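In what follows, a structure is listed as structure tokens, so that the remarks can point back to it.
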Amino acid sequence: MRSWMILALILIVAACTPTETRERGSTPIDVPLSTDTPTRTSTPTATWTPVPTLTSTPLPTNTRRPTSTATSAPTHTPIPTATPIPSTSTPVPTAAPPPTNTPLPPTATPVPAPDPARVVIARIYYDGDVPRVESDEYAEIANQGGMAIDIGGWRLNAGAPGQDYTFPGFQLQPGQVCRVYTDERHPEACGFSFASDKALWNNKGDCGYLYDATGVQVDEYCY
């Protein structure tokens, strides 16, 4: 800026100073004088040339750098979790555990009703020890039931028509056994006898039949 001002001053001074017509050391030239009084030529007044005002060029202002605005970090947007797709597979049914045996409370043992009377021919002793007549032969009649029974009017057949013994009225107790002898009487065995003077039971094989008071066959024994 100073150099511009100095240059302007130099230009102003040069404009105001008159120019000499002759140079130093040059030969003077005779100029004829005019008869007329010369008109004084007025020295031209130096015209003031306005020095251009130095316009100060404004220095560029320091442009303020934009303050870095702290940009807030983007918030973390949660990624939506994948919704589980329900399984379409049919669940395999698990095997049910076997049922446990629940012990039942003990039940009262019912008292069985006594069996009805059951009379049978239990045995036939067909080969007696007494010679020829074998009067000691016998047939055993037993009550294998649970009740006493009156065998009065029952009939025992020795395997042939006419060989019958009809029982008198008698209560045959459960488990009791009575003998019917051919021709002997034994009170300890109920005292029953065919009262036959000859043997009744065939030693080679025979059958005995027992009938109740109505004539229905109750039992049969063969040997």
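The values are calculated or read from the model by the stated rules, or taken from the named source; none is laboratory data. Since this is a predicted model, take the numbers as computed values, not measurements. Note that each Cβ is placed from the backbone with ideal geometry, even for glycine, and that neighbours are counted across all protein chains shown.
Couple of notes before you dig in:
- If you go through segment 180-209 and keep only what is aliphatic (A, V, I, L, M) and over 16 Å from N157 (Cβ atoms), you end up with just A189.
- Residue within segment 150-159 that is of a type outside the set (K, R), modelled with pLDDT of 95 or more and loosely packed, with under 14 Cβ neighbours inside 10 Å present: yes
- Among (1) touching a residue at least 40 places away in the same chain (Cβ under 8 Å); (2) over 22 Å from Y223 (Cβ atoms), the one test that V180 misses: (2)
- Of residues in segment 163-198 being among the hydroxyl-bearing types (S, T, Y) and either at pLDDT below 95 or outside any loop (DSSP other than H, G, I, E, B) (or both), the one farthest from S135 (Cα to Cα): T166
- Residue pairs whose Cβ atoms lie under 6 Å apart, separated by 6 or more positions or on different chains, with the first residue in segment 188-210 and more than 18 Å from D127 (Cα to Cα) and small (G, A, S) and the second part of a strand (DSSP E or B) and at pLDDT 95 or above, are A189/R179.
- For I141, the requirement of being closer than 18 Å to G215 by Cβ, modelled with pLDDT of 95 or more, among the hydrophobic types (A, V, I, L, M, F, W, C) and more than 60 Å from the chain's Cα centre (by Cα) is met.
- Restricting the first member to segment 146-164 and to residues that are touching a residue at least 12 places away in the same chain (Cβ under 8 Å), and the second to residues that are basic (K, R) and part of a strand (DSSP E or B), no beta-carbon pair is closer than 8 Å while six or more apart or on different chains.
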